[in-house]
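*Asks:* Just dropping this structure here.
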Amino acid sequence: MIGQQLQQYTDLSEPQQRLLLQVAQLLPFGASLPQQDVCIFTTATNGQILVIGPLKDWPQQHIDKETILLERYEVGLWQELLQSGQSVKGFMERQYGHLARLLAFPIVDNGGKCIGGLAIIHNGLEPHTDALLLTASDVLAETTYMAMMVPQQNQDELYKPLSYQDGIIIFDEAGTILYANEAASHLVDLLGFDRRLVGTSIYGGSLKMSWVKQAIREHRGAIAEEIYGDIIVEQTILPISGSRTKRSFLFLKDKTALRRKEQELLVKNSVIKEIHHRVKNNLQTVAGLLRMEARRSDSEQVKKALQAGVSRIESMALVHEVISHYEEDYIDLRTIAEELIRLLKRALLQTEDVVTCEYVGPSILLSSHRAGYVSLILNELISNSFEHGFGMGGIKAENSSNDLSLVNSESDGALTTTDFPTLKITGVLHEGLITLEVADNGKGVLVDFDCTTSKRLGLQIIRNLVTNELGGTFQMKRGATKGTIVTITFPEEASY
């Protein structure tokens, strides 16, 4: 958007526009240092001043949220800079008669031409402000300008905006501290060091700075965490080069509360993972007891019912097992599908059964409780395909070899590879909706089959989970030529 405004309202060349855009990208960082308005300005083709960045309480003509147009008489000092190419400072009147102190610095292209300026506006400073405070604000403004004009290449992490709680220290090539904000003085005081910073050496022993000299020597920024007793401080060094005045920024961030919170989360995650692991073990124990009962029973109907119960319990145990091995409380749909296929093949099929199963689709993350519902749904659908679609495996190899001479359990005719029992699970995420399709090439349901009126327990489980727990829809139909296609659609969770 800013690039379009530069093209529309200025006569700047493409390289000059790129230079202004490069500086504009650092405006959030630059504004966070003085905690004041920082903007870029240049001459518009109609004689007005085009401003990139926010201005508070200023007469302005809005173009959009990022750029505005001002009349030249409203910003006379800026016009002076654009004509002379020299830095300016002074006081300017905002709306309602309020004054603001302005420091503006030229932006010069590779040919030495002034194409714009960087303005730093201190809204809280008045003409009678203490000279020391004015000098400190000048040092901060000048150094901010220097940092934005010649940024470190490929080190974007150095230019993250600071908060008012972060300490800012500026020191020169000799290590003498030229500026320190109140947050830096307060933090150093908490560390038990002398609160006086300006005029002392950055290498005076108060802060752990052994790595700083090397960073400055190599003209590369660096970030390090140092521990002072029970306080953890992130120290960022930002050397500024490209001018005769050599300075460096040192940013201090108190990371103690954050690191403690991270440690608490690690402990909590470890406890949660252990709970999931124990729940998985308990579920597998229950499944084992049901298997024992199935083996003891002489009724095929009882054995079948117990095996269905075992499969459902193991599908729930699967979710807990996966979560116990990952840091996040989210599971990829692909993982659920592939692990269930593996478990159900082992439980329901014979070693000689030949069934091709696959999952197709992108990575779709599900929270643990939703993953449990999806796992139960897929368990029922995969089991139905194996049992009813393929007749518990359907096509069986005539011998233990893997040749292609296969026969259907319900037919004596030889089959080609296209007749192999195939189960395909497809996951799609589009416009906030997750679509899960399970398709097989088995015997298929009847053409007039209505899944909404079926009394089968498995279908009732699927229907209730999809409708009541996932808030989705469920459809089962016969394939175009054969087989069954089940389509489930439900909304994606609001956030992860």
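*Asks:* Looking only at segment 437-472, count every residue that is among the β-branched types (Val, Ile, Thr), touching a strand residue (DSSP E or B) at 6+ places or on another chain (Cβ under 9 Å) and in a loop (DSSP other than H, G, I, E, B) and tell me the total.
*Replies:* 3
*Asks:* Please enumerate the residues belonging to segment 171-190 that are among the hydrophobic types (A, V, I, L, M, F, W, C) and open to solvent by 30 Å² or more (accessible area, probe 1.4 Å). Give the steps one after another, and end with the answer.
*Replies:* Here is the first cut: in segment 171-190, the ones among the hydrophobic types (A, V, I, L, M, F, W, C) are 171, 174, 177-178, 180, 183-184, 187-188, 190.
Within segment 171-190, Ala174, Leu178, Leu190 meet the criteria.
*Asks:* Right, another one. Only one of (1) over 30 Å from Ser315 (Cβ atoms); (2) outside any loop (DSSP other than H, G, I, E, B); (3) not hydrophobic (A, V, I, L, M, F, W, C) fails for Thr245. Which number is that?
*Replies:* (2)
*Asks:* In segment 286-342, what residues are among the polar types (S, T, N, Q) and either outside any helix (DSSP H, G or I) or surrounded by fewer than 16 Cβ atoms within 10 Å (Cβ to Cβ) (or both)?
*Replies:* Ser297, Ser299, Gln301, Ser324
*Asks:* Of the residues in segment 458-496, how many are in contact (Cβ under 8 Å) with a residue 60 or more places away in the chain and either of a type in the set (Asp, Glu) or open to solvent by 50 Å² or more (accessible area, probe 1.4 Å) (or both)?
*Replies:* Residues meeting the conditions: 4.
*Asks:* If Thr10 satisfies all but one of (1) of a type in the set (Val, Ile, Thr); (2) modelled with pLDDT of 85 or more; (3) open to solvent by 40 Å² or more (accessible area, probe 1.4 Å), what's the number of the condition it fails?
*Replies:* Condition not satisfied by Thr10: (3).
*Asks:* Taking segment 235-260, which residues are touching a residue at least 24 places away in the same chain (Cβ under 8 Å), among the charged types (D, E, K, R), closer than 23 Å to Glu173 by Cα and surrounded by fewer than 17 Cβ atoms within 10 Å (Cβ to Cβ)?
*Replies:* Selection gives Lys246 alone.
*Asks:* Can you find even one residue in segment 177-195 that is at pLDDT 90 or above, aromatic (Phe, Trp, Tyr) and assigned to a strand (DSSP E or B)?
*Replies:* yes
*Asks:* Follow-up. Tell me, yes or no, whether segment 50-72 has at least one residue that is part of a helix (DSSP H, G or I), within 32 Å of the chain's Cα centre (by Cα) and under 22 Å from Ala141 (Cβ atoms). Even if it seems obvious, please write down each step before you answer.
*Replies:* To start, the set of residues in segment 50-72 that are part of a helix (DSSP H, G or I) comprises 72.
The next check asks that each one be within 32 Å of the chain's Cα centre (by Cα); those that pass are none.
Looking through segment 50-72, none of the residues is part of a helix (DSSP H, G or I), within 32 Å of the chain's Cα centre (by Cα) and under 22 Å from Ala141 (Cβ atoms).
*Asks:* I would also like to ask the following. Report whether or not Glu321 is among the charged types (D, E, K, R) and over 39 Å from the mean Cα position of the chain (by Cα).
*Replies:* no
*Asks:* Test of understanding: among Ile323, Ile341, which residue is closer than 22 Å to Glu437 by Cα and among the hydrophobic types (A, V, I, L, M, F, W, C)?
*Replies:* Values: Ile323 fails: closer than 22 Å to Glu437 by Cα.
So the residue among Ile323, Ile341 that is closer than 22 Å to Glu437 by Cα and among the hydrophobic types (A, V, I, L, M, F, W, C) is Ile341.
*Asks:* Give the residue that is surrounded by the most Cβ atoms within 10 Å (Cβ to Cβ), with candidates limited to residues of segment 198-234 that are touching a Gly at 6+ places or on another chain (Cβ under 9 Å) and part of a strand (DSSP E or B).
*Replies:* Taking the candidates together, the pick is Val233.
*Asks:* Of all residues being of a type in the set (Lys, Arg) and at pLDDT 80 or above in segment 261-279, which is most open to solvent (accessible area, probe 1.4 Å)? Just the residue, please.
*Replies:* The extreme case among them is Arg278.
*Asks:* Same structure again: Checking the structure you have, find out if any residue of segment 84-99 is within 26 Å of Asn154 (Cα to Cα) and either assigned to a loop (DSSP other than H, G, I, E, B) or open to solvent by less than 20 Å² (accessible area, probe 1.4 Å) (or both).
*Replies:* Within segment 84-99 (the criterion being within 26 Å of Asn154 (Cα to Cα) and either assigned to a loop (DSSP other than H, G, I, E, B) or open to solvent by less than 20 Å² (accessible area, probe 1.4 Å) (or both)), the answer is no, since none of the residues qualifies.
*Asks:* Please give the number of the condition Leu20 fails out of (1) in a loop (DSSP other than H, G, I, E, B); (2) under 29 Å from the mean Cα position of the chain (by Cα); (3) more than 17 Å from Leu103 (Cα to Cα).
*Replies:* Among (1) in a loop (DSSP other than H, G, I, E, B); (2) under 29 Å from the mean Cα position of the chain (by Cα); (3) more than 17 Å from Leu103 (Cα to Cα), Leu20 violates only (1).
*Asks:* Does Leu134 qualify as being part of a helix (DSSP H, G or I), modelled with pLDDT of 90 or more and open to solvent by less than 60 Å² (accessible area, probe 1.4 Å)?
*Replies:* no
*Asks:* For segment 438-448, which positions are over 43 Å from the mean Cα position of the chain (by Cα) and either open to solvent by 60 Å² or more (accessible area, probe 1.4 Å) or over 15 Å from Gln475 (Cβ atoms) (or both)?
*Replies:* Lys443, Leu446, Val447, Asp448
The values are calculated or read from the model by the stated rules, or taken from the named source; none is laboratory data. Computed from a predicted model, the values in this text were never measured in an experiment. Quick reminder, even Gly has a Cβ in these numbers, built from the backbone with ideal geometry, and neighbours come from all protein chains shown. Side chains included, ligands, DNA and RNA excluded: accessible areas come from the protein's heavy atoms. Shrake-Rupley method; radii C 1.70, N 1.55, O 1.52, S 1.80 Å.
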